[in-house]
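K.L.:
Below is one structure. I have some questions about it.
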Amino acid sequence: MLRKIVLISLFSFTYLPVAQASWKTVVENDIFSAGKKAELIGEISNENQSVVFDCSEGKLAISQVEADRNTVVTGKGSYQTLIKIDDNQPVALNTTLIRRSPESIALTSTEKDKIMTLLRQLQAQTSRQDFLIGVMDSKGNQLSSGSGSVSFAKKSVTKFIKACKIEL
(Lines give C-alpha, C1' and ligand atoms only; values in the text may rest on other atoms or scores of the structure.)
Protein backbone atom coordinates (compact mmCIF):
# COMPACT_ATOMS: atom_id res chain seq x y z
CA MET A 1 0.00 0.00 0.00
CA LEU A 2 2.80 2.39 0.91
CA ARG A 3 4.46 1.64 -2.42
CA LYS A 4 1.26 2.64 -4.30
CA ILE A 5 1.05 5.93 -2.39
CA VAL A 6 4.69 6.72 -3.14
CA LEU A 7 4.24 5.90 -6.85
CA ILE A 8 1.08 7.99 -7.12
CA SER A 9 2.76 10.92 -5.35
CA LEU A 10 5.82 10.66 -7.57
CA PHE A 11 3.69 10.56 -10.71
CA SER A 12 1.64 13.55 -9.53
CA PHE A 13 4.72 15.69 -8.85
CA THR A 14 6.28 14.66 -12.16
CA TYR A 15 3.12 15.40 -14.14
CA LEU A 16 2.16 18.65 -12.35
CA PRO A 17 4.52 21.02 -14.25
CA VAL A 18 3.33 19.63 -17.59
CA ALA A 19 -0.32 19.92 -16.64
CA GLN A 20 0.16 23.58 -15.63
CA ALA A 21 1.70 24.66 -18.95
CA SER A 22 -0.70 27.30 -20.29
CA TRP A 23 1.44 28.28 -23.28
CA LYS A 24 3.25 26.18 -25.85
CA THR A 25 4.97 26.70 -29.18
CA VAL A 26 4.79 24.26 -32.08
CA VAL A 27 7.39 24.68 -34.84
CA GLU A 28 7.36 22.82 -38.19
CA ASN A 29 9.27 22.99 -41.45
CA ASP A 30 7.28 24.79 -44.14
CA ILE A 31 7.57 23.03 -47.49
CA PHE A 32 6.27 26.06 -49.41
CA SER A 33 8.79 28.59 -48.10
CA ALA A 34 11.67 26.27 -47.16
CA GLY A 35 11.55 28.02 -43.81
CA LYS A 36 9.66 27.45 -40.59
CA LYS A 37 6.06 27.92 -39.59
CA ALA A 38 5.07 28.18 -35.97
CA GLU A 39 2.11 28.46 -33.64
CA LEU A 40 2.17 30.01 -30.19
CA ILE A 41 -0.86 28.68 -28.29
CA GLY A 42 -2.25 30.06 -25.04
CA GLU A 43 -5.16 28.41 -23.27
CA ILE A 44 -8.26 30.45 -22.42
CA SER A 45 -10.18 29.48 -19.30
CA ASN A 46 -13.36 28.91 -21.28
CA GLU A 47 -13.42 25.27 -22.26
CA ASN A 48 -12.15 24.47 -25.75
CA GLN A 49 -10.77 27.97 -26.47
CA SER A 50 -7.30 29.32 -27.05
CA VAL A 51 -5.45 32.32 -28.40
CA VAL A 52 -3.12 31.34 -31.26
CA PHE A 53 -0.32 33.36 -32.85
CA ASP A 54 0.64 32.00 -36.31
CA CYS A 55 3.61 32.77 -38.51
CA SER A 56 4.82 31.44 -41.85
CA GLU A 57 6.65 32.91 -44.82
CA GLY A 58 6.76 36.40 -43.29
CA LYS A 59 3.05 36.38 -42.40
CA LEU A 60 1.82 36.94 -38.87
CA ALA A 61 -1.69 36.41 -37.52
CA ILE A 62 -3.50 36.04 -34.22
CA SER A 63 -6.73 34.13 -33.63
CA GLN A 64 -9.12 33.34 -30.84
CA VAL A 65 -9.91 29.72 -31.66
CA GLU A 66 -12.89 27.74 -30.37
CA ALA A 67 -13.77 24.10 -30.91
CA ASP A 68 -17.03 24.21 -32.87
CA ARG A 69 -18.15 21.83 -35.61
CA ASN A 70 -21.66 23.20 -36.03
CA THR A 71 -21.46 26.96 -36.61
CA VAL A 72 -21.92 27.86 -40.26
CA VAL A 73 -19.58 30.69 -41.22
CA THR A 74 -21.15 32.90 -43.89
CA GLY A 75 -19.96 36.26 -45.12
CA LYS A 76 -17.35 38.36 -43.42
CA GLY A 77 -18.69 39.57 -40.10
CA SER A 78 -16.70 42.28 -38.39
CA TYR A 79 -15.72 41.90 -34.74
CA GLN A 80 -13.36 43.52 -32.28
CA THR A 81 -11.24 41.36 -29.99
CA LEU A 82 -9.68 43.01 -26.94
CA ILE A 83 -6.65 41.46 -25.22
CA LYS A 84 -5.17 42.82 -21.99
CA ILE A 85 -1.84 41.53 -20.68
CA ASP A 86 -0.43 42.48 -17.29
CA ASP A 87 -1.01 46.16 -16.42
CA ASN A 88 -0.96 47.30 -20.06
CA GLN A 89 -3.85 48.96 -21.86
CA PRO A 90 -6.07 46.52 -23.80
CA VAL A 91 -5.06 45.97 -27.42
CA ALA A 92 -8.06 46.16 -29.78
CA LEU A 93 -7.84 43.95 -32.86
CA ASN A 94 -10.21 44.06 -35.83
CA THR A 95 -11.11 40.42 -36.38
CA THR A 96 -13.02 38.34 -38.89
CA LEU A 97 -14.86 35.09 -38.20
CA ILE A 98 -13.45 32.17 -40.22
CA ARG A 99 -13.65 28.39 -40.20
CA ARG A 100 -10.12 27.44 -39.13
CA SER A 101 -10.60 23.69 -39.58
CA PRO A 102 -13.51 21.25 -39.71
CA GLU A 103 -13.36 21.14 -35.90
CA SER A 104 -12.93 24.84 -35.07
CA ILE A 105 -13.85 28.44 -35.82
CA ALA A 106 -11.68 31.48 -35.17
CA LEU A 107 -11.76 35.25 -34.94
CA THR A 108 -8.60 36.24 -36.82
CA SER A 109 -6.54 39.39 -37.30
CA THR A 110 -3.39 40.12 -39.31
CA GLU A 111 -2.69 43.57 -37.78
CA LYS A 112 1.07 43.11 -37.48
CA ASP A 113 1.83 46.13 -35.26
CA LYS A 114 -0.79 45.12 -32.70
CA ILE A 115 0.31 41.46 -32.77
CA MET A 116 3.92 42.56 -32.20
CA THR A 117 2.73 44.70 -29.25
CA LEU A 118 1.03 41.66 -27.71
CA LEU A 119 4.13 39.49 -28.21
CA ARG A 120 6.28 42.18 -26.55
CA GLN A 121 3.86 42.41 -23.64
CA LEU A 122 3.79 38.63 -23.17
CA GLN A 123 7.56 38.42 -23.26
CA ALA A 124 7.96 41.31 -20.81
CA GLN A 125 5.17 40.42 -18.38
CA THR A 126 6.35 40.39 -14.81
CA SER A 127 3.32 39.33 -12.83
CA ARG A 128 1.37 36.10 -12.71
CA GLN A 129 -1.84 38.02 -13.40
CA ASP A 130 -4.05 36.33 -16.01
CA PHE A 131 -4.44 37.84 -19.47
CA LEU A 132 -7.97 38.92 -20.38
CA ILE A 133 -9.72 38.52 -23.73
CA GLY A 134 -13.12 39.77 -24.90
CA VAL A 135 -15.10 40.02 -28.13
CA MET A 136 -17.60 42.64 -29.31
CA ASP A 137 -19.65 42.75 -32.50
CA SER A 138 -19.65 45.73 -34.88
CA LYS A 139 -22.45 47.36 -32.84
CA GLY A 140 -20.44 47.22 -29.60
CA ASN A 141 -22.42 44.34 -28.07
CA GLN A 142 -20.26 42.21 -25.79
CA LEU A 143 -20.31 38.62 -27.05
CA SER A 144 -17.81 36.75 -24.90
CA SER A 145 -14.98 37.17 -22.45
CA GLY A 146 -12.43 34.95 -20.79
CA SER A 147 -9.02 34.83 -19.25
CA GLY A 148 -5.93 32.68 -19.32
CA SER A 149 -2.75 32.15 -17.41
CA VAL A 150 0.54 33.74 -18.44
CA SER A 151 2.47 30.76 -17.03
CA PHE A 152 5.27 29.68 -19.37
CA ALA A 153 4.47 32.53 -21.80
CA LYS A 154 7.99 34.05 -21.81
CA LYS A 155 9.70 30.80 -22.76
CA SER A 156 7.12 29.99 -25.44
CA VAL A 157 7.22 33.51 -26.94
CA THR A 158 11.03 33.34 -27.14
CA LYS A 159 10.82 30.02 -29.02
CA PHE A 160 8.10 31.43 -31.32
CA ILE A 161 9.91 34.65 -32.27
CA LYS A 162 13.12 32.71 -32.88
CA ALA A 163 11.36 30.28 -35.23
CA CYS A 164 9.60 33.14 -37.01
CA LYS A 165 12.71 35.34 -37.17
CA ILE A 166 10.84 38.19 -35.48
CA GLU A 167 12.67 41.04 -33.79
CA LEU A 168 10.67 42.58 -30.97
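The values are calculated or read from the model by the stated rules, or taken from the named source; none is laboratory data. It should be emphasised that the depicted structure is a prediction, and the values quoted were computed from it without experimental measurement. Every residue, glycine as well, gets a Cβ built from its backbone with ideal geometry; the counts of neighbours run over all protein chains shown. When the accessible area is computed, the model is the full protein with side chains, heavy atoms only, and any ligands, DNA or RNA have been set aside. Shrake-Rupley method; radii C 1.70, N 1.55, O 1.52, S 1.80 Å.
K.L.:
Using a probe of 1.4 angstrom, how much of the accessible area of the chain is carbon and sulfur, in percent?
P.N.:
Whole-percent figure for carbon plus sulfur exposure: 54.
K.L.:
Right, something else. Could you give the accessible area per residue of the chain, probe 1.4 Å, as a whole number in Å²?
P.N.:
For the chain, the per-residue accessible area is 63 Å².
K.L.:
From the residues 65, 78, 23, which one has its Cα farthest along the dipole of the chain in the positive direction, the dipole being from +1 and -1 charges on Cβ of Lys/Arg and Asp/Glu about the Cα centre?
P.N.:
Toward the positive end, the furthest listed residue is 23.
K.L.:
Reported to two decimal places, what Rg/Rh ratio describes region 95-168 when computed on Cα atoms with Rh from the Kirkwood expression?
P.N.:
1.00
K.L.:
By a straight-distance test (C-alpha under 16 Å), which aspartates and glutamates pair with residue 165 as possible cross-link partners, with residues fewer than eight away in the same chain excluded?
P.N.:
28, 30, 39, 54, 57, 113
K.L.:
From the Cα gyration tensor of region 13-102, with a ≥ b ≥ c the square roots of its eigenvalues, which class applies: rounded if a/c is under 1.5, or else prolate if a/b is larger than b/c, or else oblate?
P.N.:
Rounded, since a/c falls under 1.5.
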